[in-house]
1. Condition first: touching a residue at least 60 places away in the same chain (Cβ under 8 Å), surrounded by fewer than 23 Cβ atoms within 10 Å (Cβ to Cβ) and outside any loop (DSSP other than H, G, I, E, B). Now tell me which residues in segment 325-344 satisfy that.
2. Here's a check for you: in segment 499-558, which residue that is among the hydroxyl-bearing types (Ser, Thr, Tyr) and either touching a Lys or Arg at 6+ places or on another chain (Cβ under 9 Å) or in a strand (DSSP E or B) (or both) is most open to solvent (accessible area, probe 1.4 Å)?
3. For segment 102-140: of the residues being assigned to a loop (DSSP other than H, G, I, E, B) and of a type in the set (A, V, I, L, M), which is nearest to residue 92 (Cα to Cα)?
4. Counting only residues that are of a type in the set (Gly, Ala, Ser) and touching a residue at least 60 places away in the same chain (Cβ under 8 Å), which one in segment 217-237 is surrounded by the most Cβ atoms within 10 Å (Cβ to Cβ)?
5. Take the residues of segment 196-215 that are under 15 Å from residue 174 (Cβ atoms) and assigned to a loop (DSSP other than H, G, I, E, B): which is modelled with the highest pLDDT?
6. Where the second residue is in a strand (DSSP E or B) and the first is open to solvent by 10 Å² or more (accessible area, probe 1.4 Å) and lies in segment 178-199, which pairs have Cβ atoms under 6 Å and are six or more apart or on separate chains?
7. Kindly indicate whether any position in segment 74-86 is touching a Phe, Trp or Tyr at 6+ places or on another chain (Cβ under 8 Å), surrounded by fewer than 19 Cβ atoms within 10 Å (Cβ to Cβ) and at pLDDT 85 or above.
8. Within segment 145-176, can you find the residues that are touching a strand residue (DSSP E or B) at 6+ places or on another chain (Cβ under 8 Å), in a helix (DSSP H, G or I) and not acidic (Asp, Glu)?
Amino acid sequence: MSRPQRPSPAPSPAQNAADPAAANRAKPARTVDTGDARADSGLSRRSFVATGAAGVGAAALFAQQARAAAADREDRPISVPDEIPRTRNEAPDPAEFPMNGAQVFARACANEGLKALFCAPGNYQVINAIAAEGIPTYGGRTEGSMCAAADGFIRVTGEAAACSGTEGPGFTNMIMNIGAANAARTPLLVLASNMTVSGDDTERGIQRGYQQPTTVGLKKYGKRLITPNRVYEYAAYAFRHLRTGVPRPVHLDFTGEVARARFETPNDLLYYHERSAYRTEALPHPSRADTERVVEMIGKAERPIIVASTGVFYDRAWDVLRTVAERADIAVVESGPMRGHFPDSHPLSVSTGPDALLSADLVIFVGQYSMPGVGEVAFDPDAKVIRIDPDAADIGRNLPVDLGLVASARGGLEALAEALPAASRPAWRDELATARDAFEKQNAEWYELGLKHSAATDTIHPAVIAQELSNFLYSGDLPKEQTTVVSGGYGIARYTRRWLRAHRPGQILNGAYQYGAIGPDVGYTVGAGAAVMNGVGPQEPYRGSPVFGVTGDGGIAYSGMEFETLAKYRIPAVMIVYNNNAWGVYGSARRATRSMHMYLFQENLRYDKIAEGLGARGEYVTSPEQLREALPRSYEMAANNGVSTLINCQAIKEFWTNEYPPGLPRKVEPGCMAYYH
């Protein structure tokens, strides 16, 4: 078994820790004019030999130039310009009538409690107006990653947030992450500018394009705003769709005529009302008859289980979920784009006990918006199925049901909490405990294998990464409820999901959920980090705590530049990058002709150096011991200095093969391993 080639040792992590700006902006080495015309032409063999002695002096000169260039770089450290903290801390300046259309829309966002805006510059009047209202705003390097940041913010808070980009390429740069938000049922507000109505059907200027057809199938509602005095009305449309029913993205694009329109008084607007006049806070509840049928089915079941998914989180129904589960000894397994609404440490939790899923004789799906099909979940096909969902038209899709309740997650659970009698199922509790123990035992066995594989290859196996991360987050000095984690990547996630634990709402963001995107992970981390830094929603008790993220060497390429965004806003984060020199699907080329080169990267790439070059820290680890030391060091820099770190974990692609068991582990859904549904 050959060992992979290793690069030269990295600079001491202690040196990196001493100064977050240790990696400075690279400048071209300065050249010296020698006055020799031969410097611009090829040297013949004769002239090369004749000048051989001079070459020694030239080498010394080049070395001197390199030292001078390095010293010059030391004089130009990476720094956050004063304008960034100064303008962020300026007092809000909400507009008063007379207002333009952008200001009217921003006022609607403030009235609706929009918690954050993530953007790259563009759609200038709208984003400037939103910032002036006092809504927290963040400007990043690409519209796509900032779209993911808004999605990540929402997934860990349950609050409304927006992303924005300019027309044309700025808008289309967001498409992948709008798709990911749609698959995750995220209530994401997508904003973009879109030229002028007067220029329609021309190619006047640049960046023209009709946006709404592009997002068909990727949104709940969308509108191109062309009628100026209806701007507030369409803001109401947007938030009504975001705040009610099954959420999905809402996409509004602003023409110049609307953003610039001037309104002297509210009477100039066609529709300008208080929030209570254009939408309701009411949630649908099931009928008494349907509730009684559910109670009856639960009473007859020996091993009932609730699948608690997306709707439970957005309805903030975690307390009533716990009441129902404990009232009648009903097991709970989580699914969805976030985890923690039922703690893994609870004796009725089966999120980390997949062996028990097949035993369930009654399965109750609550708030499961992305519905699995037959065979995609590990339940007995003969188990009875109940689904609680606010959309009657969706009940029975993909998976046949024995009973459907048209109700929100909170509404359905509240009805059960009132009607369900107490019951005890000690045998079921024992089976759940046995299943969890078996899962932990398998993890321990894989960790031991990972240690052996790491030693044999002089790299770090994914099972070791997962176990060491888990030890640091949940078994050390940190409160186990504290740290929010963005669980991303492809192959590495097959391991880390098994070890990550959720103990409170919004603690784990399931990055690849449903859409399978691996690129947004750093963007998600920006959003989750901003949410925790500001203590938004369920993150309030953990305000200011560092967040962790996990991604792979494939995923880091798509949003890695947002390390500069983490750095400039001093968002405290630690990102683990699993670096195995290849796409996770490289096995597809193992028996193909002339194909493997398309699946491989250069080996031992230094993603940590990229982070350093963007004003963050970098650590390069190739052993369990190095990772064990890097985790607390990186955490302390994030917690005490607001400096983020990329930990580059060197592995090899062969860890996904049977040569290094368990290879690429299978997943079981629902539960901690799930990301399809």
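1. 327, 328 - these are the residues of segment 325-344 that are touching a residue at least 60 places away in the same chain (Cβ under 8 Å), surrounded by fewer than 23 Cβ atoms within 10 Å (Cβ to Cβ) and outside any loop (DSSP other than H, G, I, E, B).
2. So the first thing to find is which residues in segment 499-558 are among the hydroxyl-bearing types (Ser, Thr, Tyr), and the list is 513, 515, 524-525, 542, 545, 551, 558.
After this cut, where a residue has to be either touching a Lys or Arg at 6+ places or on another chain (Cβ under 9 Å) or in a strand (DSSP E or B) (or both) as well, the list is 513, 524, 542, 551.
Working: 513: 4, 524: 1, 542: 47, 551: 1 Å².
It comes out as 542.
3. The first filter runs over segment 102-140 and keeps only residues assigned to a loop (DSSP other than H, G, I, E, B), leaving 112-116, 120-123, 133-136, 140.
Narrowing the set further to residues that are of a type in the set (A, V, I, L, M) leaves 114, 116, 120, 135.
Working: 114: 15, 116: 14, 120: 21, 135: 8 Å.
The qualifying residue nearest to residue 92 (Cα to Cα) is 135.
4. Here is the first cut: in segment 217-237, the residues of a type in the set (Gly, Ala, Ser) are 217, 222, 235-236.
Then keep just the ones that are touching a residue at least 60 places away in the same chain (Cβ under 8 Å); that gives 235-236.
Numbers: 235: 24, 236: 20.
Within segment 217-237, the match that is surrounded by the most Cβ atoms within 10 Å (Cβ to Cβ) is 235.
5. 211
6. Matching pairs, first to second residue: 193/254.
7. Restricting attention to segment 74-86, the residues satisfying the condition of being touching a Phe, Trp or Tyr at 6+ places or on another chain (Cβ under 8 Å) are 84.
In the following step, the residues that additionally are surrounded by fewer than 19 Cβ atoms within 10 Å (Cβ to Cβ) were identified as 84.
If we keep only those that are at pLDDT 85 or above too, we end up with 84.
Yes, some residue in segment 74-86 is touching a Phe, Trp or Tyr at 6+ places or on another chain (Cβ under 8 Å), surrounded by fewer than 19 Cβ atoms within 10 Å (Cβ to Cβ) and at pLDDT 85 or above.
8. Step one: list which residues in segment 145-176 are touching a strand residue (DSSP E or B) at 6+ places or on another chain (Cβ under 8 Å), which gives 146-147, 149-156, 160-167, 170-171, 173-174.
Next, from what is left, pick out any that are in a helix (DSSP H, G or I): 146-147, 149-156, 170-171.
Once the filter is applied, which keeps residues that are touching a strand residue (DSSP E or B) at 6+ places or on another chain (Cβ under 8 Å), in a helix (DSSP H, G or I) and not acidic (Asp, Glu), segment 145-176 yields 146, 147, 149, 150, 152, 153, 154, 155, 156, 170, 171.
The values are calculated or read from the model by the stated rules, or taken from the named source; none is laboratory data. For clarity, every value in this text was computed on a predicted model and none was experimentally measured. Neighbour counts run over all protein chains shown; Cβ positions are idealised from the backbone, glycine included. Note: accessible area is taken over every heavy atom of the protein model, side chains too, but ligands, DNA and RNA are not part of it. Shrake-Rupley method; radii C 1.70, N 1.55, O 1.52, S 1.80 Å.
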